[in-house]
Amino acid sequence: MSRSAKVNQAILIIFDDIRAELLFGLMNEGKLPNIAQITENGVKCLNCITSYPAITFPCYGNIVTGSYSGYYPKEGNAVPMYHWLDRMDPPSTSKKRPFIRNYGDRSQLLKINKDVGKNVKTIFEQAPQGNTLSSSCFLFRGAVFDVGKNVFDVEGIFKNIEDAFEHPRKYFPNNEVPIISIGYVFQTDDIMHKNGFNDSEYINLIIDCDRYLGALLNTLKKTGYYDSTAIGIITDHGNYKGKEHFDLEPFFQQKGLKPYIPEKGIGDFDCVFGSVGFFNFPGETWHHHPSLQQLQKFETSGIGKEKLNLIETLWEIPGVKYMYYREDNNKPEKGIIHIEYQEKDSEKRMSGLIEYQGFGKEQKSRYIFDGNDFYGYYQNEKSAKALDNKFHTIEEWLEATNHINFPMIIDQIPRYFKNPRSCDIIISTLGTHYFNYEHGKTVGRTPYSHDNGLRESMVVPFIIGGSSEIPQMELTYCKTTDMVPTLLNLLGIKPHPSVVGKSILK
Ligand SMILES: [Zn+2]
């Protein structure tokens, strides 16, 4: 144990797709006695803010690295979204067309380990020495022992960690227990999308996980490691039920917009769209992001070869309330994102800007609008204070907006758009209308999803317990990128400079 270390080991369990209110609700009902046990004597937060968009990637990758998307040739973890188009800045001169990355495709999933930027480090890479264990954590870069990347058994995720403490030699030649272990429970997300957040199969799986965690805690006690181990529990995002489904395939056909086919380098657009839509369009080539003028006078390849103003065209999609796109000539260190907002079809559309400067922890952003603000920040005394025309850090945005809808969104939007792999236009219905559209096809009709900036998607649980060295405290707010630096702090390890989150114990 180094002088500043409070614990010798950290175990992090990341559940996919559980809201804070659900997890703490089940705990209050006495259904999760083991999670409750570590929560009672440790750190808890019922209001931990995840990344925007509230989608597994980036959210889960951001937890593991403690950083956000960003301009990855210089900073940031480089994975903007579950699906992205491989574009660079400056644009590649390669003849090969930009590919579409889709982590939903099992054959592409583990490529995340290469996709994550070289300027950030996973928690495994941040441990200077010692054994590290990934148990079905798909982002395992730097883990000494990567077990279970192909394991699809929930109990096995916990059992692997248990086993590594009971029989370390099976995993590590030096027969020492892992100092950092991550178990990632992705199965909760699969069931939530299929059956929803009130479904008994979903709830029962969470209850099962509590039992598996109980077995792990018992093993830690039995082997004498419990009091020297910090156990973190977090989720990547919450969820919601969409209201009205709409099939976008005919809409795009009618507009003459053809989906991009990377192998052939043809097509007008690429899009994925739950209730937040991510649109890519070609500029000079598919390697280039389009200019505003190119978006406004876009020549489609479909029937009629019409010139479309894409910004206006996308507003015709039912239920759209928010739109975001870049100003021309944005730089990674300084730029402008346009926001357009319209509550209902009948109302006037309003516009505003997010201006940003700087990188990583130092990034500052400000929100400028005419007349009314679009996020309801003015209606609240604390958030209204951040609308002072001044640039604010992520910590300042978090403090001002953690308790309302769209927490930290003014900080998050620029971090997304700085990434050359990010799309050209985002639109959002906030869940009133949903589309389940991916790369040219409507893929199913499930109304259960997550992605929007509302609290239902953005607020997750944050728990650290185990060792009696961990103080008993309740935080009024924190963010998901605080988990890794807090665990490292407990271990007496200094986080990598790329980490944007901060230890909540400081
Ligand atoms: Zn997820």
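The values are calculated or read from the model by the stated rules, or taken from the named source; none is laboratory data. Bear in mind that the values here come from a model prediction, so they are computed numbers and not experimental data. Heads up, the Cβs are rebuilt from the backbone with ideal geometry, glycines too, and the neighbour counts pull from every protein chain shown. Ligands, DNA and RNA are stripped out before the accessible areas are found, and what is left, the full protein with its side chains, is counted by its heavy atoms. Shrake-Rupley method; radii C 1.70, N 1.55, O 1.52, S 1.80 Å.
The figures follow:
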{"quantity": "Coil-residue trypsin sites (Lys or Arg not before Pro) of region 358-390, DSSP, other Cβ within 10 Å capped at 15", "calculated": "Lys385, Lys390"}
{"quantity": "Gained length - Leu505 relative to Asp199, 0.36 nm times residue gap less alpha-carbon distance", "calculated": "106.5 nm"}
{"quantity": "Ser498, Ser365, ranked by accessible area, largest first (probe 1.4 Å)", "calculated": "Ser498, Ser365"}
{"quantity": "Cα-centre dipole for the chain with unit charges at Cβ (Lys and Arg positive, Asp and Glu negative), debye to 20", "calculated": "1240"}
{"quantity": "Per-pair calculated FRET efficiency, R0 = 41 Å: Ser468 and Thr93 via Cβ, rounded to 0.05", "calculated": "0.10"}
{"quantity": "Mean residue ellipticity (222 nm) of the chain, computed from DSSP H runs ≥ 4 via -39,500 (n - 2.57), nearest 500", "calculated": "-7000 deg cm²/dmol"}
{"quantity": "Estimated FRET transfer efficiency when R0 is 51 angstrom, pair His338-Lys221 (beta carbons, to 0.05)", "calculated": "0.40"}
{"quantity": "Nearest-10 value in Å² for the accessible area of Ser468, using the 1.4 Å probe", "calculated": "90"}
{"quantity": "The chain - share of DSSP beta bridges that are antiparallel (%, nearest 5)", "calculated": "65"}
{"quantity": "HN-Hα J in Hz across region 343-349 - Karplus 6.51, -1.76, 1.60, θ = phi - 60°, x for Gly and Pro", "calculated": "6, 9, 3, 6, 8, 6, 7"}
{"quantity": "Distance-filtered residues of region 160-203 - backbone nitrogen under 19 Å, label point 7 angstrom along Val443 Cα→Cβ", "calculated": "186-196"}
{"quantity": "Spatially proximal aspartates and glutamates relative to Lys418 (Cα-Cα < 18 Å; intrachain offsets below 8 disregarded)", "calculated": "Glu75, Asp86, Asp89, Asp115, Glu327, Asp328, Glu333, Glu355, Glu362"}
{"quantity": "Distance-filtered residues of region 302-329 - backbone nitrogen under 13 Å, label point 7 angstrom along Gln253 Cα→Cβ", "calculated": "303"}
{"quantity": "Members of Lys479/Lys506; Lys334/Lys506; Lys74/Lys331 lying beyond 20 Å, as alpha-carbon distances in this model show", "calculated": "Lys334/Lys506"}
{"quantity": "Accessible area (Å², per residue) of region 181-309, counting only protein heavy atoms and a probe of 1.4 Å", "calculated": "42"}
{"quantity": "Potential lengthening between Glu362 and Glu312 on full extension [0.36 nm per residue; Cα-Cα distance subtracted]", "calculated": "14.5 nm"}
{"quantity": "Prolate/oblate/rounded call for region 1-106, Cα gyration tensor, a/c under 1.5 rounded", "calculated": "prolate"}
